[in-house]
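Please treat every number below as a calculation from the coordinates, not as lab data. If you're wondering where the values come from, they're calculated on a predicted model, not measured in any experiment. With ideal geometry, Cβ positions are generated from the backbone for all residues, glycine too; neighbour counts draw on all protein chains shown.
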Amino acid sequence: MDTTNRCNVIIVYADDLGFGDLSCYGSHQIHTPNLDRLCAEGLKFTDAYAASAVCTPSRYSILTGRYPFRNSRAHILPGDAGCIIEPELDTMPRLFQRAGYRTGIVGKWHLGLSDGSTPIDWNREINLTPIDLGFDESFIFPATADRVPCVYVEGRSVVNLDPQDPISVSYDWECPFDDIPTYHKNPELLKMKSSHGHDMSIVEGIGRIGYMRGGRKAIWKDEDLAETFLDRAIRFLEDSHRQNQPFFLYYAVHQPHVPRVPSPRFRGATALGPRGDVIAELDWCVGELRKELEKLGILEDTMIIFSSDNGPVLDDGYEDRAYELNGTHRAAGPLRGGKYSKFDGGTRIPFLVSCPKLVHRGVSHALIGQMDLFASFAHMLGMELAPDSAVDSQDMYAALIGEDPVGREELMVEDLTCGKMLRSGNWTYLSPGQGAPFMKEVRIETGLSKDPQLYNMDYDIGQQTNVAWDYESVVKEMEERLRKIMESDRTR
Ligand code: NG6
Ligand code: CA
C-alpha cells in the first residue's frame, strides 16, 4: 500500500462559530492570529457546510458520513440521552483504527451515552461511550456546557467520582431533588443570569438545563474547560508520538457555545465581551496545539481541519451582553440567518484544511460537506468502504487538498426543524416549511416560509431576493432532487 499520503489527522470542531467570526474570514473585531496562520498555511473553503444548523445532527453526520435524517433521534439531545449512534454502525474513527491509527476524542460529545436500555447510572461504568464507537481514548463532557451533568467522562466513567457523594441527574420538568440549588429558589447564587431557559439546576453559579445532585468533586470549573481539553489533546498527541503511531484526533472544543466563561487571562481579550473572548481563547488553543506538533516534529505530517458544527448565535440564553457589545461584528459574515436557520448562516461555516506535505495553499470555492470527510479519508488511507458504510459521504479528497476546485454537485442540509435546504451549483433552494420566520429569543431569522425560496448565491450571497417565481423549472428540479435524496433511505 502506498503510504506517502498517510498523515496524522486532527479535526478541531468548534461549537456555534460563525462564517464571519475569524479574522481570516473577514472579522475586524475578533483577531484570530493562530487560525489565520493555519489559513495562510493551507486551504480556506468558502462553500463548506455542516449537515445541520444545530449540534447533534451535525456531529452525527461528520462521524458517520450519513445525513442526519437517516437517524430519527438526531436532534438536540438532553444530557441524559442514550447514545444515538448504533454500536454496529461504521464510524470515522473506526476507519482510522482499521488503517492502524490511534484514535482519540477530546471535548464535547452530545451524541448520547449508554445503550439507552435503562437510565444512565453516572456512578458506574457507562456501557456505551465513544470507546465503543472507534475511539481508543475518550475524554469528553456528555452534552453541552449548559446541560447537566457538568462532569467529564473518561473512557466509561465520570472523572473524580466520589462514592460518598453520588450523582443523580433528571430532566423532569419539576425538580425531583429538594436539597439542590435551583434557579428560581436560589437567585443569590447566580454569577450569570439566564436570558431564556437555563433555569433549572444552578451549577457553579450558572443556571443549566436539567437537574443535577451530588458529584461535587466531579463538577468541572467552567473557566478551566478550555485548558483541560487542550491538555488532554496534547497528552494524546504526545502518547501517540511516543508509541510511534499515526493518530486521528477529534478535538471538539466547546467555544463559543453558551455559557461563555473564558479562563481569566482571556477576560477582556476582545471588546466584544465573553463571546469574543472565548473565540480568542479558542484561537489560542489552536496555536498551542500547533506548537505541540512543531515541538514533536510532526507538523509537516499532520493534517489539521478546523470547522464548526453550526452557525453563530449571540444571545443563546444567558445575559452575557453578546448583543450589546457586538458593535459592527458580523458573526455570520455576509450570510443571512444564524444557528437554527435554514438560511446559509445556519450551516455554512469556516472550514480550514492544512497539511504542508499534502494540501495546496489558497482559497477553495468547492462545495463540500463535513460528512464528506469520511469517504475522503478512506481515499487518503487507501481503504475500501463497505456499501453500507458512510452512505452519504462523497470522496472529496481532491477538493480537500486543493486539486479539485468544484467539489460536490449538490448537498442537502437541514435547519432546527429538520426543514431542508439544497445547494446545487450557485443555487440554494429552501423547501417550504411551517413555523415563525423569526425566533424572537435568539433574534434569528429561521428561513421558514410557506413558499419555496430560491437564491442565486453568485449575486445574492445574503439571500435577499427570492427568485423562485422566475425560475419555476429550477425549483421543480431541486424539489425533485430533495425527494430523491430523502427516498434513497429505502434502498440503503
Ligand atoms: C437550546 C438551548 C441553547 C443551546 C441549544 C443547543 C435553551 C433556551 N436554549 O435548546 O442554549 O443549548 O439548545 O445548542 O435552552 S447546540 O449547539 O448544542 O445544538
Ligand atoms: Ca453547536
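Here are a few things to note about the model shown:
- Here TYR49 meets the list (1) surrounded by 24 or more Cβ atoms within 10 Å (Cβ to Cβ); (2) more than 19 Å from MET396 (Cα to Cα); (3) not hydrophobic (A, V, I, L, M, F, W, C) almost entirely, failing just condition (2).
- Matching residues, segment 270-299, being closer than 26 Å to HIS196 by Cα and assigned to a loop (DSSP other than H, G, I, E, B): THR270, ALA271, LEU272, GLY273
- Summed over segment 209-251, the residues that are within 19 Å of ASP80 (Cα to Cα) and either within 16 Å of ligand 2 (Cβ to nearest atom) or part of a helix (DSSP H, G or I) (or both) give a count of 1.
- Boolean, ILE485 is within 16 Å of ligand 1 (Cβ to nearest atom) and in contact with a Phe, Trp or Tyr (Cβ under 8 Å, 6 or more places away or on another chain): no
- Hey, ASP277 more than 16 Å from ligand 1 (Cβ to nearest atom) and closer than 30 Å to ARG6 by Cβ or not: no
- Count of residues meeting criterion [within 11 Å of GLN370 (Cα to Cα) and either near ligand 1 (Cβ under 10 Å from one of its atoms) or in a loop (DSSP other than H, G, I, E, B) (or both)] in segment 48-70: 8
- Any hit, segment 312-330, residues being in a loop (DSSP other than H, G, I, E, B), without any contact (Cβ under 8 Å) to a residue 12 or more places away in the chain and small (Gly, Ala, Ser): no
- GLU403 being free of Cβ contacts under 8 Å to residues at least 40 places away in the same chain, part of a loop (DSSP other than H, G, I, E, B) and surrounded by fewer than 18 Cβ atoms within 10 Å (Cβ to Cβ): no
- Considering (1) over 20 Å from LEU249 (Cα atoms); (2) in contact with a Gly (Cβ under 6 Å, 6 or more places away or on another chain), the lone condition that GLY112 does not fulfil carries the number (1).
- Selection count, segment 406-423, where residues are over 23 Å from the mean Cα position of the chain (by Cα) and not in a loop (DSSP other than H, G, I, E, B): 0
Rundown of residues vs (1) buried (at least 20 other Cβ atoms within 10 Å of the Cβ); (2) touching a residue at least 12 places away in the same chain (Cβ under 8 Å); (3) part of a loop (DSSP other than H, G, I, E, B); (4) within 16 Å of ligand 1 (Cβ to nearest atom), yes/no style:
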| residue | (1), (2), (3), (4) |
| --- | --- |
| LEU38 | yes, yes, no, no |
| SER72 | no, no, yes, no |
| LEU95 | yes, yes, no, no |
| GLY100 | no, yes, yes, no |
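- The residue that is nearest to ligand 1 (Cβ to nearest atom), among those in segment 116-168 that are more than 19 Å from the chain's Cα centre (by Cα) and of a type in the set (Ser, Thr, Tyr), is SER168.
- Set side by side, the residues MET412, MET421 differ, and just one is more than 30 Å from SER194 (Cα to Cα) and out of contact with any Asp or Glu (no Cβ under 8 Å at 6 or more places or on another chain), which is MET412.
- Of the residues making up segment 150-195, those that are part of a loop (DSSP other than H, G, I, E, B), closer than 30 Å to LEU314 by Cα and among the charged types (D, E, K, R) number 5.
- Taken over segment 300-311, the criterion of being part of a loop (DSSP other than H, G, I, E, B) and either touching a His at 6+ places or on another chain (Cβ under 8 Å) or under 18 Å from ASP277 (Cα atoms) (or both) is satisfied by GLY311 alone.
Each row is one residue, and each column tells you yes or no for (1) part of a loop (DSSP other than H, G, I, E, B); (2) surrounded by fewer than 17 Cβ atoms within 10 Å (Cβ to Cβ); (3) more than 16 Å from ligand 2 (Cβ to nearest atom).
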{"position": "GLY79", "(1), (2), (3)": "yes, no, no"}
{"position": "CYS83", "(1), (2), (3)": "yes, no, yes"}
{"position": "LEU89", "(1), (2), (3)": "yes, no, yes"}
{"position": "ASP121", "(1), (2), (3)": "yes, yes, yes"}
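- Considering residues of segment 180-206 that are touching a residue at least 40 places away in the same chain (Cβ under 8 Å) and of a type outside the set (A, V, I, L, M, F, W, C) only, the residue surrounded by the most Cβ atoms within 10 Å (Cβ to Cβ): SER201
- Scoring THR64 on the criteria (1) out of contact with any Phe, Trp or Tyr (no Cβ under 6 Å at 6 or more places or on another chain); (2) of a type outside the set (D, E, K, R); (3) within 21 Å of SER488 (Cα to Cα); (4) within 16 Å of ligand 2 (Cβ to nearest atom) leaves a single failure, condition (4).
- Considering only residues in segment 288-310 that are within 19 Å of the chain's Cα centre (by Cα) and farther than 23 Å from ARG208 by Cβ, the one that is farthest from ligand 2 (Cβ to nearest atom) turns out to be MET303.
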